[in-house]
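Nothing in this text is a laboratory measurement; each read-out follows from the coordinates by a stated rule. Keep in mind that this is a model prediction, so the values were computed, not measured.
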Amino acid sequence: MVRPVERLFSSGLFQNRCKPGMSHVRGTGTSLREAAGFAASFANRLTSDSRVTGGSFENRIRFLLETIDAIRREWRADLPLFVRISATDWVEGGWNIEDSVHLCRILKERGDVDLVDYSSGGNDPAQRMPSYPGYYQVPFAERLRGEAMIATAAVGLISAPEAAEEIIANQRADLVTLGRILLFDPYWPLHAAKALKSNTVSWPLQYERANIF
Ligand SMILES: Cc1cc2nc3c(=O)[nH]c(=O)nc-3n(C[C@H](O)[C@H](O)[C@H](O)COP(=O)(O)O)c2cc1C
């Protein structure tokens, strides 16, 4: 299972995607989050005696750790590597936040991952997630940061500038990442800077005449 992944990262495909000027790489989507999702015992039904990647916690996280090793061998050591995990499956008996803390302590000790962010759920139809909307995932950033002492990014339906500011100001996370709100309002950073009365963000010259509201 791991060897083809190693080959992929050393095959030149990864290097070709690493353009000059790239500031960090985040393993997510079908790469590291799914590698992390592979650590959930109900998703990974391999048994410990059939493979070294199934069974115990240590075996189930091996795929993720060896993928990180493979990326680190190719990615510049002076640039950060972010890892996305699934913080919880929201399923009784599935991967949970305690498992995530355990994993993040291991990542912290290894020292080769600079920041962890997360998504959650999506691995089992029996999942029970808290009611929408709310900043329901922010407590995960707090726990991973506080208990594993690893830098985290808070993510998930964060939309109000004041909420983003509060998360950073109260050191609940080291970074806030935004998705859908930027699709809804591509000028969110400019609008947020205004709402927070920040004068550190400059508007593009072409837009300055609209900077009156
Ligand atoms: C339709 C949809 C599909 C998503 N699929 C994934 C996924 O496969 N893996 C993942 O880590 N996150 C996934 N996410 C979460 C996003 O990567 C991202 O964390 C989230 O959209 C950012 O938060 P926000 O959009 O709530 O601000 C998905 C989000 C949406 C809306």
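Here's how it looks for residue 84: its modeled amide H is under 5 Å from those of 27, 33, 117, which are all 5 or more places away or on a different chain. Given axes a ≥ b ≥ c from the Cα gyration tensor, I'd like to know whether the range 74-175 is rounded (a/c under 1.5), prolate (a/b larger than b/c) or oblate. Because a/c hits 1.5 or more and a/b fails to exceed b/c, the range 74-175 counts as oblate. The gain in end-to-end length when the residue 76 to residue 166 segment is fully stretched comes to 29.1 nm, 0.36 nm per residue minus the alpha carbon separation.
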